[in-house]
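Engineer: This is the structure I have questions about; it appears just below.
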Amino acid sequence: MKVIKRTNKDFILLILKGAAMGLANKIPGVSGGIVALITGFYQELIETFKSFNINSLLLLRNGRINDFFKATNSKFLICIFSGVIFSFFSVSLILDYYMINFEKQVLGLFFGMILSSVYFIIKKISSYYQLKNIAITILGFVFGFSIILIDPGIERKSLLFIVLCGFISISGMTLPGLSGSYLLLIIGNYKLILVDSVNNLLFIIRDLLQLNFEFLNNNEKVFMLKVIVLFSLGSLIGLITLSNILSFLLRKYNDLTISLLSGFIIGTLPSIWPWKKIDESIINESDVNSNIFSNILLSKPYFPNQLNSENLYILLFIFFGILIIVILEKYGSKN
């Protein structure tokens, strides 16, 4: 793939974009793919994922490290994932606090940002008002909206199904508007993969640091370790497959693909609508970990019936979200 020449300033900016991507992944119903699309590196991200193929792996096997890094645009990817990891251990921890104490305001801010972003994304499509572009946008909207109406499924521990979960969940990074955690919740394996297996992995890492290998005799811990490995394998397969499909669509049918993604984002916007009520019966049935993030995914949106001070603050944060994107768009157009 063609590697874009960048300055040190550009690489620092990529790290910041990666941090924003990691932050977005923490918001229920928001995907990192939205940040990539908004900030202009979505297509490069897809092409980079696509570059990890047999030819690039052969370069690595033959010891041609520099050629491998060039062929896979690794500097770009390292910057993005450095930002994601940095966000996970810093900014996203701050977000945890605000999501717990100011949930509606945070969701309002992101709702405004995404709503405003869709406008600017559509605006960049040439001849958007052609019938085919409008029709494909509506199709994306219907598909996106139908997903958020699906109730959570039943947990399944089949190892083959866990591989499939990895394949499905990685779409949150490749498809803007689609939250990987939301999809795991729908198919019933949110708690098993994102809660139980992750917690188990942390305990295993602690044991390994203490040179304690007793976990190998614990069938439950070994099974949870298999869950992490197979989920990661499914994610890798999904990443390679979806990136190739999206790369083809963006090169051959760019306007139609962006129109479809825009409609999809609009369709999934209700998942981060600030005004929500938790459906307690669904939470009990699905046995989801009772934290603020999983509960929001299980909440049902509603319209407020009065304009009190709390609702005014939420509206203000929605406006701030819109304003942030407008300012960023104007700044970007001058540089």
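The values are calculated or read from the model by the stated rules, or taken from the named source; none is laboratory data. Computed from a predicted model, the values in this text were never measured in an experiment. Here the Cβ is made from the backbone with ideal geometry for all residues, glycine too, and neighbour counts use every protein chain on show.
Engineer: Is there a residue in segment 25-44 that is modelled with pLDDT of 80 or more, more than 24 Å from the chain's Cα centre (by Cα) and closer than 19 Å to Gly238 by Cα?
Structural biologist: no
Engineer: Which of the residues spanning segment 139-151 are surrounded by fewer than 15 Cβ atoms within 10 Å (Cβ to Cβ) and at pLDDT 85 or above?
Structural biologist: Val142, Ser146
Residue-wise test of (1) of a type in the set (Val, Ile, Thr); (2) surrounded by 13 or more Cβ atoms within 10 Å (Cβ to Cβ); (3) free of Cβ contacts under 8 Å to residues at least 40 places away in the same chain; (4) in contact with a Gly (Cβ under 9 Å, 6 or more places away or on another chain).
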{"residue": "Gly188", "(1), (2), (3), (4)": "no, yes, no, yes"}
{"residue": "Ser197", "(1), (2), (3), (4)": "no, yes, yes, no"}
{"residue": "Leu202", "(1), (2), (3), (4)": "no, no, yes, no"}
{"residue": "Ile205", "(1), (2), (3), (4)": "yes, no, yes, no"}
{"residue": "Val222", "(1), (2), (3), (4)": "yes, yes, yes, no"}
{"residue": "Thr241", "(1), (2), (3), (4)": "yes, yes, no, no"}
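Engineer: Out of Ile154, Ile168, Ile134, which single residue is within 18 Å of the chain's Cα centre (by Cα) and either exposed (fewer than 15 other Cβ atoms within 10 Å of the Cβ) or within 23 Å of Asn25 (Cβ to Cβ) (or both)? Even if it seems obvious, please write down each step before you answer.
Structural biologist: On the way: Ile154 fails: within 18 Å of the chain's Cα centre (by Cα); Ile134 fails: within 18 Å of the chain's Cα centre (by Cα).
None of the other options fit; the residue is Ile168.
Engineer: Looking at segment 158-186 only, could you name the residues that are without any contact (Cβ under 8 Å) to a residue 40 or more places away in the chain and in a loop (DSSP other than H, G, I, E, B)?
Structural biologist: Taking segment 158-186 as the starting set, the residues that turn out to be without any contact (Cβ under 8 Å) to a residue 40 or more places away in the chain are 158, 160-161, 183-184, 186.
Ser158, the sole residue that qualifies.
Engineer: When the residues of segment 188-220 are narrowed to those that are part of a loop (DSSP other than H, G, I, E, B) and touching an Asp or Glu at 6+ places or on another chain (Cβ under 9 Å), which ends up farthest from Ser235 (Cα to Cα)?
Structural biologist: Phe213
Engineer: On the given criteria, is Leu323 modelled with pLDDT of 85 or more and more than 30 Å from Leu45 (Cα to Cα)?
Structural biologist: The answer is no for Leu323.
Engineer: Also: Which residue out of Asn62, Asn53 is out of contact with any Phe, Trp or Tyr (no Cβ under 8 Å at 6 or more places or on another chain), over 16 Å from Ala24 (Cα atoms) and either at pLDDT 85 or above or small (Gly, Ala, Ser) (or both)?
Structural biologist: Values: Asn53 fails: either at pLDDT 85 or above or small (Gly, Ala, Ser) (or both).
Result: Asn62 is the single residue among Asn62, Asn53 that is out of contact with any Phe, Trp or Tyr (no Cβ under 8 Å at 6 or more places or on another chain), over 16 Å from Ala24 (Cα atoms) and either at pLDDT 85 or above or small (Gly, Ala, Ser) (or both).
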